[in-house]
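Every read-out reported here was derived from the displayed coordinates using simple, explicitly stated rules and does not represent laboratory data. Remember, predicted model here, so these are calculated numbers, not experimental data. Cβ atoms come from the backbone with ideal geometry, glycine included; neighbour counts cover every protein chain shown.
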Amino acid sequence: MTSRRSPPPEVVELKWRDPPLAEVRTPRGRLRLTFGPGSGLARRAGDPPGRVWGLGDRGPNLKIKTAVELYGLDHLAPLRAREGAKVLPLPDFQPSLMELQVGRKRVRLVRILPLRTAEGPLSGRAPAGSAEAAMEPTFDLKGRVLPADPAGADTEGLAALADGGFWVCEEYGPSLMKVDGKGVVRRRWTPPGVAMPGAEPVLPAEASRRRLNRGFEGVAISGDERWLYAVFQSAFTGDPRDRTTIWKLDAAEGSLAAEYAYPFDRPESFTADAAAGEATAADLKVCDLVCIGTDRLLVLERITRGARIYRVDLSAPGPLAKTLVFSTDDHPEVGPDLEGVALMSDRELLIASDNDFGAEGAETRFYRLRFEAAL
């Protein structure tokens with residue numbers, strides 16, 4: 001059940017330029033790669049006003065078709081026969097957190113915090129033998145097979161902790177990683193049977209039923225830091241695609257406290273995506289969570305061009321009800337690929353798009369949403 005809110009918020013796009021990451025020479029000019037902080041956003045209570053953290057995902061990657069047609073890397077053309085094949089221009093890229101300062105008119109970079117394990121840098125390459133590695137075989141710019149990383153992570157969402165650390169969710173395990181203030185992974189929770197160094201198999205086995213590349217996509221934490229909320233991007237394999245799953249977990253030990261079915265909107269209701277022929281049940285996804293009180297969440301639901309933010313109360317009896325807070329239907333000036341949401345105050349949200357590391361020229365876009373009533 002969905003109820004509609006009124007009136008829409010004030011929306012302001014903030015100035016920002018993605019920090020440079022690398023430039024790669026190609027037959028058709030330079031491939032300019034940039035950092036991207038829009039895969040997940042989080043704010044820590046007690047931080048200076050306007051301070052927020054962003055997260056990038058596993059790193060720059062190109063489809064073989066893009067590498068050949070856009071950048072003239074014709075020697076990679078034989079790889080088109082490899083289903084799902086990707087090129088990683090920076091194979092040793094470390095997924096990173098980015099500390100940001102949000103001002104009245106712009107967002108400013110404070111610092112970049114690369115993620116690592118106690119043994120060394122974390123990479124975005126999939127673990128050997130994993131379903132992800134089989135689904136998306138990866139190659140370098142010369143077409144050579146890339147080595148797997150047993151501890152690799154495809155980071156997608158984060159929650160900031162009072163002690164300066166974070167919870168980060170990622171899709172390969174799928175797993176939840178507790179990260180300290182220096183960017184070091186101190187704990188990693190997986191479902192049973194996942195071979196990752198130092199991983200604790202405390203998550204329900206059901207997590208292994210996530211659709212490939214549709215694992216954990218958002219994570220949030222309660223104000224008292226007792227509960228973690230984690231959401232899967234899409235439905236589990238074999239389940240109806242009109243819903244996905246939110247878990248409430250004990251933040252100390254990872255045990256499952258409750259499970260909720262989050263209902264998607266009808267795909268055809270995302271009119272911009274429907275017009276582009278990209279609005280099927282398989283395209284529906286959740287991309288971020290924000291905790292606004294114990295068992296009360298904001299959920300970012302989208303396809304590609306259209307996105308909506310809903311408020312849900314997990315403690316309410318009966319099927320999970322959604323209250324619309326924001327829709328790009330009301331604000332067509334908001335760009336596509338929204339993935340990050342942070343609560344800046346009880347009446348203000350920051351949302352961000354995913355730039356895919358600028359591999360095809362996209363820039364992260366930040367928007368401030370100001371509401372008349374408290375969220």
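The stretch 318-375 and the stretch 168-192 have Cα centres spaced 25 Å apart.
Taken as Cα centroids, the stretch 62-124 and the stretch 217-253 sit 26 Å apart, rounded to the nearest whole angstrom.
Determine the sum of side-chain charges near residue 278: Lys and Arg each +1, Asp and Glu each -1, restricted to other residues whose C-beta is under 14 angstrom from that of residue 278. All intermediate terms of the calculation are to be shown ahead of the outcome.
Details: positive: 285, 302, 305; negative: 268, 273, 283, 337.
Counting the neighbours of residue 278, the net charge comes to -1.
Each of 138, 271 has some number of other Cβ atoms within 10 Å of its Cβ, and from fewest to most they run 271, 138.
Grab the Cα-Cα distance for residue 242 and residue 162, subtract it from 0.36 nm times how many residues apart they are, and report the gain in nm with one decimal.
Value of the extension gain: 25.2 nm.
Rounded to 0.05, the FRET efficiency of the residue 253 and residue 314 pair, given R0 = 30 Å and the Cβ-Cβ distance, is 0.90.
Place a +1 charge on the Cβ of each Lys and Arg in the stretch 9-154 and a -1 charge on the Cβ of each Asp and Glu, then give the dipole magnitude about the Cα centre in debye, rounded to the nearest 20.
Numbers: 24 positive and 17 negative charges, 127 e Å.
So the magnitude is around 620 debye.
The residue among 127, 314, 324 whose Cα reaches farthest toward the positive pole of the charge dipole of the chain, with charges on the beta-carbon of Lys, Arg, Asp and Glu, is 127.
Under 27 Å Cα to Cα from residue 105, which lysines show up? Leave out anything in the same chain fewer than 8 places away. Of all the lysines, those that pass the test against residue 105 - Cα under 27 Å, at least 8 places apart if same chain - are 15.
All other residues whose Cβ lies under 14 angstrom from that of residue 15 are scored, Lys and Arg at +1 and Asp and Glu at -1, for a net of +4. When only the Cβ of Lys, Arg, Asp and Glu is charged (+1, +1, -1, -1), the dipole of the chain relative to its Cα centre reaches about 760 debye. Helix-only estimate, please: 222 nm mean residue ellipticity of the chain, summing -39500 (n - 2.57) across DSSP H runs of length 4 or more and dividing by its residues, to the nearest 500. The per-residue figure over the chain is -1000 deg cm²/dmol. With a cap of 16 neighbouring Cβ atoms within 10 Å, and only residues DSSP puts in a loop, list the GluC sites (Glu not before Pro) found in the stretch 238-329. Answer by residue number: 253, 278.
All other residues whose Cβ lies under 12 angstrom from that of residue 126 are scored, Lys and Arg at +1 and Asp and Glu at -1, for a net of -3. Assuming a ≥ b ≥ c are the square roots of the Cα gyration tensor eigenvalues, decide whether the stretch 137-254 counts as rounded (a/c under 1.5), prolate (otherwise, with a/b larger than b/c) or oblate. In terms of gyration-tensor shape, oblate.
Rg and Dmax of the stretch 74-133, based on Cα coordinates, read 17.2, 50 Å. The DSSP beta bridges internal to the chain are antiparallel in roughly 90% of cases. For a straight C-alpha distance cut-off of 17 angstrom, the aspartates and glutamates reachable from residue 65 (same-chain residues fewer than eight places away being disregarded) are 74, 83, 136, 140, 356, 360. Straight-distance candidates among the lysines for linking to residue 178, with alpha-carbon spacing under 21 Å and chain neighbours fewer than 8 residues away dropped: 248. The calculated pair-distance distribution of the stretch 221-320 uses every alpha carbon pair, bins of 5 angstrom beginning at 0, and gives 2, 13, 23, 22, 18, 11, 6, 3, 1, 0 percent. Projecting the Cα atoms of 282, 361, 52 onto the dipole axis of the chain, where Lys and Arg carry +1 and Asp and Glu carry -1 at the beta carbon, places 361 farthest toward the positive end. Computed 3J(HN,Hα) for the stretch 358-375, one whole-Hz value per residue from the Karplus formula 6.51 cos²θ - 1.76 cosθ + 1.60 where θ = phi - 60°, is x, 4, 10, x, 6, 10, 4, 10, 10, 9, 9, 10, 10, 10, 6, 10, 5, 6, glycine and proline marked x.
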